[in-house]
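Structure first, then comments.
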Amino acid sequence: MDAAKNKYSIIVPTYNERLNIALIVYLIFKHLPDVDFEIIVVDDGSPDGTQEIVKQLQKLYGEDRILLRPRAKKLGLGTAYMHGLKHASGNFVVIMDADLSHHPKYLPSFIKKQLETGASIVTGTRYVTGGGVHGWNLMRKLTSRGANVLAQTLLWPGVSDLTGSFRLYKKSVLEDVISSCVSKGYVFQMEMIVRASRKRYHIEEVPITFVDRVFGSSKLGGSEIVEYLKGLVYLMITT
Amino acid sequence: MKHVLKLLSLLVVISALWIGLLQASIIPQSHTWLLPIYFVVSLGCYGLLMVGVGLMRFPTCPQEALLLQQDIAEAKDFLKQKGVDVGSD
């Protein structure tokens with residue numbers, strides 16, 4: 001595949017990310033100076049004016065580089081990706097979070113890894129040397145590690161970071177995998193990578209760092225744990 | 001094959017081996033009967049060990065928070081100059 005002809009569509013779902021979307025767009029442009037890419041912002045009707053900011057960014061960077069494809073209200077992550085996919089003109093698709101927990105400075109390493117290995121999917125992992133997490137207390141780390149060991153034992157997923165959502169896909173591969181996924185939230189991310197693994201797609205990993213800026217709002221209550229376990233059982237049975 | 005079926009067939013194979021051992025009497029029967037318990041306990045211990053080791057070696061990156069703050073400041077400066085509203089959060 002001729003590297004010079006690759007185009008990367010970066011899908012960023014947003015909800016109330018008025019400031020972060022501007023920062024992340026700046027950083028993407030900073031770290032991908034010689035790459036053909038477009039940013040697809042899928043905003044779910046943010047009340048804080050996120051879309052106005054995106055329009056300002058479009059004036060600055062060009063409407064061909066930043067696509068605003070909003071939806072009327074919060075409709076979930078999976079459908080946000082599917083919506084963004086419909087408007088993606090690249091042959092590769094990157095998915096990442098808008099809140100700066102995923103730093104655009106890793107985008108070159110995703111691209112490089114894919115070019116070197118010809119992988120269908122490159123997924124960011126926080127759990128290997130070179131990667132890491134900041135802003136997690138001991139309890140959070142323990143739950144994360146425990147959840148990971150359980151998932152590795154039960155699912156044999158073939159990747160070290162199952163719930164991560166910083167990934168590069170070949171567009172055709174994403175279309176194939178996403179059509180068979182039905183879960184919501186982070187279980188959706190798990191389902192995507194497990195289904196891809198079962199379909200024997202070539203998956204590579206790159207280390208990424210994850211800075212959790214939402215201190216204190218740990219999304220790990222009892223109900224989250226139950227959801228997670230249900231997700232594991234569902235994936236065991238259906239993949 | 002669905003993954004749960006893979007796990008079940010693995011379980012069936014292990015059970016068959018266990019029953020085979022029971023019948024062949026290579027190991028004294030009293031020990032053989034306890035093998036499943038040993039197996040489950042070892043699995044549990046291995047799991048706990050993996051969690052513990054992983055927790056100890058959990059990669060952290062405190063410097064990244066600082067770098068991120070710098071990046072944010074740089075981004076805000078640039079965007080403000082160019083007329084993008086970066087006032088509120």
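Bear in mind these aren't lab numbers, they're just calculated from the coordinates by the rules spelled out. Since the model is a prediction, treat every value here as computed from it, not as a measurement. As a convention, Cβ positions derive from the backbone with ideal geometry for all residues, glycine included, and neighbour counts pool all protein chains shown.
So, R0 is 45 Å and r is the distance between the beta-carbons of B:Met1 and A:Asp48; what FRET efficiency does that work out to, to 0.05?
0.40
Show me the ranking of peptides A:155-166, A:16-27, B:76-87, A:33-44 by mean Cβ neighbours inside 10 Å, starting with the highest.
A:16-27, A:155-166, A:33-44, B:76-87
Give the Rg (one decimal place) followed by the Dmax (whole number) of segment A:80-239, computed from C-alpha coordinates and expressed in Å.
When restricted to the Cα atoms of segment A:80-239, Rg and Dmax are 15.2, 43 Å.
Could you rank the peptides A:223-235, A:177-189 by their average count of other C-beta atoms within 10 Å per residue, with the highest value first?
A:177-189, A:223-235
Per-residue mean of other chain beta-carbon atoms within 10 angstrom of the beta-carbon, peptide A:120-133?
That works out to 2 on average.
Within 10 Å of each residue's Cβ, count the other Cβ atoms and sort A:Val94, B:Val53 from fewest upward.
Ascending number of Cβ neighbours within 10 Å: B:Val53, A:Val94.
Mind giving me the FRET efficiency for A:Thr79 and B:Ile37? R0 is 56 Å, r the Cβ-Cβ distance, nearest 0.05 is fine. Write down the numbers at each step before the final one.
Numbers: r = 47 Å, r/R0 = 0.84.
Efficiency, rounded to the nearest 0.05: 0.75.
Lysines within cross-link reach of A:Lys105: Cα-Cα under 23 Å, excluding same-chain residues under 8 positions apart?
A:Lys5, A:Lys7, A:Lys30, A:Lys113, A:Lys170, A:Lys171, B:Lys76, B:Lys80, B:Lys82
Within segment A:112-133, name every residue whose backbone N is under 12 Å away from a label modeled 7 Å from Cα of A:Lys199 along the Cβ vector.
What the label zone holds, given the 12 Å backbone N cut-off, is A:120-121.
If R₀ is 35 angstrom, what is the calculated FRET efficiency for the pair A:Arg71 and A:Glu227, using the beta carbon separation as r and rounding to 0.05?
Between A:Arg71 and A:Glu227 the formula returns 0.90.
How big is Rg to Rh over segment A:23-88, alpha-carbon atoms, Rh as the Kirkwood inverse-mean-distance radius?
Ratio of gyration radius to Kirkwood radius for segment A:23-88: 0.97.
Enumerate the calculated ³J(HN,Hα) couplings along segment B:47-57 in order (Karplus 6.51 cos²θ - 1.76 cosθ + 1.60, θ = phi - 60°), each rounded to whole Hz, writing x wherever the residue is Gly or Pro.
Computed from phi, the couplings for segment B:47-57 are x, 4, 4, 4, 5, x, 4, x, 5, 5, 9 Hz.
For chain A, what is the relative contact order in percent, using Cα pairs closer than 8 Å and at least 6 residues apart in sequence?
That works out to 23 percent.
What's the ranking of A:75-85, B:32-42 by average number of surrounding C-beta atoms within 10 Å, highest first?
A:75-85, B:32-42
Which number comes out as Rg/Rh for chain B once both Rg and the Kirkwood Rh are worked out on C-alpha atoms?
Values: Rg = 28.3 Å, Rh = 19.0 Å.
Reported Rg/Rh, Kirkwood definition of Rh: 1.49.
What per residue convex hull volume, in Å³, comes out for segment A:5-145 when only alpha-carbon positions are used?
It comes to 135 Å³ per residue, whole-number rounded.
Please compute the Kirkwood hydrodynamic radius over the protein assembly as shown, one decimal place, Å, based on all pairs of different Cα atoms. Working shown, then result.
Details: mean 1/r = 0.0462 Å⁻¹.
Across the protein assembly as shown, the inverse of the average 1/r is 21.7 Å.
Taking only Cα atoms, what is the 0 to 90° angle, nearest 10, from helix B:3-24's long axis to the longest principal axis of chain B?
30 degrees
Can you list residues whose amide H is under 5 Å from A:Ile10's amide H, if they're 5+ apart or on another chain and H is modeled 1.01 Å from N?
The answer is A:Glu38, A:Ile39, A:Ile40, A:Val94.
Using 20 Å as the cut-off for backbone N distance, which residues of segment B:58-74 belong to the label zone defined by a point 7 Å from the Cα of A:Leu138 along Cα→Cβ?
Within reach of a label on A:Leu138, which here means backbone N under 20 Å from a point 7 Å along Cα→Cβ, segment B:58-74 contributes B:58-62.
List the residues whose amide H sits under 5 Å from the amide H of A:His134, counting only those 5 or more places along or on another chain, with H placed 1.01 Å from N in the peptide plane.
Result for A:His134 returns A:Phe210, A:Val211, A:Asp212, B:Cys61.
Tell me the Kirkwood hydrodynamic radius of segment B:12-54 in angstroms, computed as one over the mean inverse distance between distinct C-alpha pairs.
Final number for the Kirkwood radius of segment B:12-54 is 11.6 Å.
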